[in-house]
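The values are calculated or read from the model by the stated rules, or taken from the named source; none is laboratory data. Everything numeric here is computed off the predicted structure, so don't read it as measured data. Using ideal geometry, Cβ is built from the backbone for each residue, glycine included, and neighbour counts are taken over all protein chains shown. Surface accessibility is based on the protein's heavy atoms, side chains included, excluding ligands, DNA and RNA. Shrake-Rupley method; radii C 1.70, N 1.55, O 1.52, S 1.80 Å.
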Amino acid sequence: MLESFGIDRKIKNLFIADSKNYWFLTDDNTFFFYDISRNELRTVEPGRSAGQYGILYELAQYKNLYWIMYSSGLLRCWDSSSEEFVLHNEHFAGKITEASNRLFICPTAAGDLWIMHNNGVSFYDWINKSWKEVAGIDGPSNFFTCMDLDADENAWLGTSWSGLRKIDSRTHQIETFDRMKLGCC
């Protein structure tokens, strides 16, 4: 329980955004936002409506926008300025499920998104509101494991069996590094 934050229920999940604000999901699926600068707790969504989207899997921040992915594959965007959801997108329905155990959302400096899940990588163009499937991976034990962006906003992806991949931020061309010798001592 987190009475010091004003929450009197059992916490199911916790996220800390880049701005150091806290997001709490309680056992009854109520979704809370704690604004650290204002020392203020807000209910983003009561349990009944938040629970219909599945388990909250990932949260990423771009300025005042918070991107939230659920186990149903629903991607939602909450605007902390207007304190409302400004996007509900079902592009990942059927791709993200409760069995998905790898998921990363990486916003770019322009507000676009790179999203990686077990078997694919997608790019969301915020201005045009369009998706592009950029990379996929096959095999029973081959999957994407992690993702991050470099200073040029190229996406770097680790895989379980097929090496490291770099996706160019402008062209979306993929470069694969199958085997890398790592030096030792």
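Taking segment 64-122 as the range and being open to solvent by 30 Å² or more (accessible area, probe 1.4 Å) and either in contact (Cβ under 8 Å) with a residue 60 or more places away in the chain or among the β-branched types (Val, Ile, Thr) (or both) as the test, the residues that pass are Val86, Thr97. When Glu133 is tested against (1) without any contact (Cβ under 8 Å) to a residue 12 or more places away in the chain; (2) closer than 23 Å to Asn89 by Cβ; (3) open to solvent by 90 Å² or more (accessible area, probe 1.4 Å), only condition (1) is not met. Of the strands (runs of 3 or more DSSP E) lying entirely inside segment 12-72, those containing at least 1 residues that are closer than 28 Å to Asn118 by Cα and within 18 Å of the chain's Cα centre (by Cα) span 22-26, 31-35, 56-62, 65-70.
Counting residues in segment 78-99 that are within 21 Å of Glu153 (Cβ to Cβ), polar (S, T, N, Q) and not in a strand (DSSP E or B) gives zero. Selection of segment 38-61 for residues being in contact (Cβ under 8 Å) with a residue 12 or more places away in the chain and of a type in the set (Gly, Ala, Ser) yields Gly47, Ala50, Gly51, Gly54, Ala60.
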